[in-house]
């Protein structure tokens, strides 16, 4: 069956001063029908850039190569006009940072409503249920409603958690096939994290959509993802089901990531992710990896399938 | 919101009191001069009779202690009574009332002209940042903004009054008389207007919610109006407020050049003639107007921004 | 300082700044060497020669008293530019001092100072200066004094803002905790930042002060005739605008060009250091 989203050999760079800095390096992913793919990795590894590339929302100085297919249709060569029919309708985004992603001078209700009403292809007559009612229903479902009053409130009058739920409503109202969720718990207090996860789980069950769940929070990824892709320094290093990747990590980075969790002993890895302007050739994890060998510095790691559906990009896994 | 307004009103009252007091003491530093000035104006400087000066001192309480004079004067200000003009021998307030509408008309026309050009130009420059329109408008407004008001006024007179004879050189006699002075005033402001509008718009355009709006796939017109422009509205209000401030100062020059019978030329006359009450009246009223308009602008700005309106403010 | 140099890239975007600097330097040189460049005595009357159009003898023609306009403009440049520089420097020093003081002290004093600033800000500049001149003698020094008295506020505001930041910023404590001395941080980070903001303000201010001075001398303040201040010259030429426009236009253009070149510096500096102009890289 055709995957909802297929990313093939995606490369993204940015024009900085007089050169092009490579960020995303030959990334390949796919997301199937109703599947949630968790894209995890530390801050700055390029996850959000990947999400923006799918949504074609990269800044003007970006250079993109490779292929992104939505249900078999190539997205990158599409005209802006054609892509706009997909974006915001079939492929939607739940952005990060609720405090800055909402228009401070528009009511939250309007901001959700306009996801439908202000699109060029909107037709009032074609609506079975008035849009306003739909908005209220979604607010209700996401426990965001004080007797219908939230609609007319401005973002500054709501808490961070409520704003996050408004953002999620914007993703839910469109009945999209693919939702790119960007760091849903980053701006939310630890205590409220579970609430956001709950809301997202509900949405997944109610709307049966595919999701790209971009997050650095492994707990969130585990709770919501069917499959997980691990990203480091702009490259995918490991993909597999949630259970496979998180319980039997094969790539040294993934293993380090998991053992660095507080509940696993807080074994923090040495060093920092290298700057994109000074990326080492061959394996990008070589300077921090405890298992680094000669081959790691000379040749790009290839993909190995260690168990059915579980793929790793590492020299060490050859043949094991 | 209400709290905000009340707080600002109180500050404004304080400022007004301080402004009046400062003006009073600036102008009255040498009280002896007042009587001399009056006699000078009355007799044309030919008959500076000592006794006459004495009588005038008594008549206008000019020999009373400073604080008494000040207090009486302050009461007068409260009642909007600034005394009698030394030069015209008429109540100051009457003359000001006669001239105020003229300045207001001139000023509003100039603001309208400047906004008409500056706001769209600024918005377009921001939307087409760093392209031809942007660079051209920035260079053009830089040049125009460096030309002093009196020069542009004189040049306009030469071209449109003397050579082309489209408009009169001065005065307020015909309907077209307002054109040249208003254009001169507007030219001085259009540079700042455009630049501030551009900056305000650029600030809005690079915000996250603009990208989110694009992600929602809404119509470009909705994006520009409901998202970009709506958030740039406070900038527009600030810009207009600034312009009005500029007018109050610039009108002194422009009205003098074009012999426009307004408050500005009245003030200038008062300075030349050492007409103290008139000077006080003009300075205080112009400053009051400036303060009041600034307050109005701030209130409108706050009202437009829900973040101020719905929180404590 | 590493931070500063990273902010400043000389490229096509800085054309304005470089042009402004060149032009201003040229004008400054002309001003300094004006006695050598004058062709006639600027104050010497020559009635038979009056109201002559520009020619090879008198580059910008002569005025109603037969004086050479070109030489008068050169003579006036010293007054005009000198005044502008003095005003800007003094008001900057005064304003910065008061602002820093107010910001550092904080509390009641700060509030009172800021209220005073608000009061001064309530006056339109020209109106304030006109009011002040009623009790000052009519000479250039009074003009300088009067403008300084109202112009200091814009520097006070900036300086006070910086001082408040310095007072409140949290990472001073953090940096102190890891060993940097408080004065070290002060001198290495904040003072340069404050100084650069004040300098930018000054560069933007010179242009407007030149315009204000010209406007005020046009209205009859400051140095009196026969001293050739540009504004005064323009005023004197008003009566002859019909048949001898050069008397007003020539000094007017001098004012405009001078103001323009300094405004270019101000604008150029502001653009060069404006973070919005730089390209942004997003890596998340």
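Determine if region B:171-184 includes at least one residue that is under 23 Å from residue C:250 (Cβ atoms), within 14 Å of chain C (Cβ to nearest Cβ) and either at pLDDT below 85 or in a helix (DSSP H, G or I) (or both). Yes - at least one qualifying residue is present in region B:171-184. Taken as a whole, the condition of being facing chain C (nearest Cβ under 9 Å) and within 11 Å of the chain's Cα centre (by Cα) applies to residue B:286.
Please determine whether any residue of region B:288-304 is over 23 Å from residue B:235 (Cα atoms) and either surrounded by fewer than 20 Cβ atoms within 10 Å (Cβ to Cβ) or touching a helix residue (DSSP H, G or I) at 6+ places or on another chain (Cβ under 8 Å) (or both). Checked against the condition, which is being over 23 Å from residue B:235 (Cα atoms) and either surrounded by fewer than 20 Cβ atoms within 10 Å (Cβ to Cβ) or touching a helix residue (DSSP H, G or I) at 6+ places or on another chain (Cβ under 8 Å) (or both), region B:288-304 yields at least one hit.
Among the residues making up region A:42-83, those that are more than 11 Å from chain B (Cβ to nearest Cβ), out of contact with any helix residue (DSSP H, G or I) (no Cβ under 7 Å at 6 or more places or on another chain), surrounded by 14 or more Cβ atoms within 10 Å (Cβ to Cβ) and over 16 Å from residue A:234 (Cβ atoms) are A:61, A:67, A:69, A:71, A:76, A:78. In region A:80-93, the residues that are at positive phi reach residues that are part of a helix (DSSP H, G or I) with C-beta atoms within less than 7 angstrom, at least six apart or across chains, in these pairs: A:88/A:115; A:88/B:215. Whether a residue is surrounded by 14 or more Cβ atoms within 10 Å (Cβ to Cβ), within 14 Å of chain B (Cβ to nearest Cβ) and touching a helix residue (DSSP H, G or I) at 6+ places or on another chain (Cβ under 9 Å) was assessed, and residue A:86 does not pass this test. Output the number of the condition that residue C:154 fails; it satisfies all remaining conditions of (1) away from chain B (no Cβ under 14 Å); (2) at pLDDT 85 or above. Exception for residue C:154: condition (1). Within region A:162-171, is there a residue that is touching a strand residue (DSSP E or B) at 6+ places or on another chain (Cβ under 9 Å), within 9 Å of chain B (Cβ to nearest Cβ), touching a residue at least 60 places away in the same chain (Cβ under 8 Å) and assigned to a helix (DSSP H, G or I)? Yes, because at least one residue in region A:162-171 is touching a strand residue (DSSP E or B) at 6+ places or on another chain (Cβ under 9 Å), within 9 Å of chain B (Cβ to nearest Cβ), touching a residue at least 60 places away in the same chain (Cβ under 8 Å) and assigned to a helix (DSSP H, G or I).
Specify the residue that is nearest to the other protein chains (Cβ to nearest Cβ); the eligible residues are those in region A:10-20 that are surrounded by fewer than 19 Cβ atoms within 10 Å (Cβ to Cβ) and over 17 Å from the mean Cα position of the chain (by Cα).
Taking region A:10-20 as the starting set, the residues that turn out to be surrounded by fewer than 19 Cβ atoms within 10 Å (Cβ to Cβ) are A:11, A:15-20.
Within this subset, residues satisfying the condition of being over 17 Å from the mean Cα position of the chain (by Cα) are A:15-20.
Values: A:15: 7, A:16: 5, A:17: 8, A:18: 10, A:19: 11, A:20: 11 Å.
Across region A:10-20, the extreme among qualifying residues is A:16.
Tallying residues that are without any contact (Cβ under 8 Å) to a residue 24 or more places away in the chain and either in contact with a helix residue (DSSP H, G or I) (Cβ under 8 Å, 6 or more places away or on another chain) or crowded, with 16+ Cβ neighbours inside 10 Å (or both) within region B:113-130 yields 2.
Note on region A:173-196: among residues that are in contact with a strand residue (DSSP E or B) (Cβ under 8 Å, 6 or more places away or on another chain) and not in a loop (DSSP other than H, G, I, E, B), the one that is surrounded by the most Cβ atoms within 10 Å (Cβ to Cβ) is A:180. Of all residues in region A:197-212, at least one satisfies being within 14 Å of chain B (Cβ to nearest Cβ) and buried (at least 19 other Cβ atoms within 10 Å of the Cβ).
The numbered conditions (1) in a helix (DSSP H, G or I); (2) surrounded by fewer than 24 Cβ atoms within 10 Å (Cβ to Cβ); (3) within 11 Å of chain B (Cβ to nearest Cβ); (4) without any contact (Cβ under 8 Å) to a residue 60 or more places away in the chain are all true for residue C:248 except (2). Taken together, the criteria place residue B:152 among residues that are more than 26 Å from residue B:232 (Cα to Cα), within 13 Å of another protein chain (Cβ to nearest Cβ) and at pLDDT 85 or above. For region A:125-133, the condition holds for no residue, the condition being that it is surrounded by 19 or more Cβ atoms within 10 Å (Cβ to Cβ), in contact with a helix residue (DSSP H, G or I) (Cβ under 8 Å, 6 or more places away or on another chain) and over 23 Å from residue A:232 (Cβ atoms). Look at residue B:111 and say whether it is at pLDDT below 85, out of contact with any strand residue (DSSP E or B) (no Cβ under 8 Å at 6 or more places or on another chain) and in a helix (DSSP H, G or I). Considered against the rule, which asks whether it is at pLDDT below 85, out of contact with any strand residue (DSSP E or B) (no Cβ under 8 Å at 6 or more places or on another chain) and in a helix (DSSP H, G or I), residue B:111 comes out as no. Considering only residues that are over 17 Å from the mean Cα position of the chain (by Cα), within 12 Å of another protein chain (Cβ to nearest Cβ) and under 16 Å from residue C:224 (Cβ atoms), which ones fall in region C:135-147? Matches in region C:135-147: C:136, C:137, C:138.
The values are calculated or read from the model by the stated rules, or taken from the named source; none is laboratory data. Predicted, not measured: the structure shown is a model, and the values here were computed from it. Cβ atoms come from the backbone with ideal geometry, glycine included; neighbour counts cover every protein chain shown.
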